[in-house]
Amino acid sequence: MLSDALAAGPDGRPRCFWAVGGAPEYVAYHDDEWGRPVLSDDGLFERLTLEAFQSGLSWLTILRKRPAFRAAFAGFDVEKVARFGDADRARLLADAGIVRNRLKIEAALANARAALSLIEECGSLAAFFWRFRPETHRSPRTRADWVGETAESTALGRELKRRGFRFVGPTTAYSTMQAAGIVNDHAEGCCVHSAVAAEQAQAAARFS
C-alpha cells in the first residue's frame, strides 16, 4: 500500500502525490526537472525568478506561462536582464503572457543585478546556493513531512536579501532549493527519488 505521500501515475509507477491526478504538465515537471540539480547561473536565476512570481499563485499558472516568461526575460540570461532599463520594464508590465505584477517585475530586475555581483564574488550562483545545502536531509515519507521552510532556507533568504535580492523570503528560498535540486524532497518510494539522489550527490561533490 502506498503512503499518502505517493500516488500511482499514468504509467502505474509511484510518484509524489502532488504530481498525479491533475494537469499533465505536473508529471513531466516532476519527473524531468523538480529536484534535478541546476548548476548554471541562468538556470538558477530562472528557478528563483519563477518561484518568486509563483508566490500567491498556483505553480500550474507559472508552468503554462513559462515560455512567455522565457521570451520576456531574454531566456533568463542574467547579464541581459541586469541591463534591462525603463523600456524593458514598461514592456514587461504590458506583457499579458506573464504575471504583470510590478513589484515582482522590479524584483526580477534587481535580482539580476544582485546576481551579477554574487557571481563575480563566488564564481557562480550554484557555488553560493549550495553553501546552504543541509548536512543531513530526510526525504518525505508522508504528506505531513513536506515543509514550507527550513533553517537553511531562512539563512539563504536572509543572505540574499542582504545582498540586494528581493522577494526571497524563507519559503521562496526553500522552493528554489527544492526545484534546483539542493535538497531532495521527492518522497521515499517515488519512482525518481533514487535517480535524483544520485544526481544531487554528484553535484554536491563539486562544492564540497
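Laboratory data are not the source of any read-out in this text; all were calculated from the coordinates shown. Just so you know, these numbers come straight off a predicted model, no measurement behind them. FYI the Cβ positions are ideal-geometry reconstructions off the backbone, even for glycines, and counts take in every protein chain you see.
Some observations on this one:
- Just so you know, the Rg over Rh for the stretch 161-205 is 1.10, from Cα atoms, with Rh as the Kirkwood radius.
- Simple point charges give the picture: +1 on the Cβ of Lys and Arg, -1 on the Cβ of Asp and Glu, and for the chain a dipole about the Cα centre of about 540 debye.
- As a rough guide to protection, the peptides 109-117, 24-32, 154-162 ranked by mean Cβ packing within 10 Å, highest first, stand as 109-117, 154-162, 24-32.
- Aspartates and glutamates whose Cα lies under 16 Å from that of LYS80, excluding same-chain neighbours fewer than 8 positions away: ASP41, ASP42, GLU46, ASP88, GLU106, GLU120
- Scaled to the globular estimate 2.2 N^0.38 Å, the Cα spread of the chain, given as radius of gyration, is 1.02.
- Shape of the stretch 86-151, Cα gyration tensor, a/c cut at 1.5: oblate
- Using bins of 5 Å that start at zero, the share of Cα-Cα pairs per bin across the stretch 33-137 amounts to 2, 12, 23, 24, 18, 13, 6, 2, 1, 0, in whole %.
- Furthest towards positive pole of dipole, SER153, PHE207, TYR29, structure part the chain, Cβ charges: SER153
- One chain, two ends: ARG163 and ALA144. Fully extended at 0.36 nm per residue, the span grows by 3.5 nm beyond their Cα-Cα distance.
- Rounded FRET efficiency, nearest 0.05, which uses the C-beta distance separating THR171 from LEU103 and R0 of 22 Å: 0.85
- Over the C-alpha trace of the stretch 111-182, radius of gyration and Dmax come out as 12.7, 41 angstrom.
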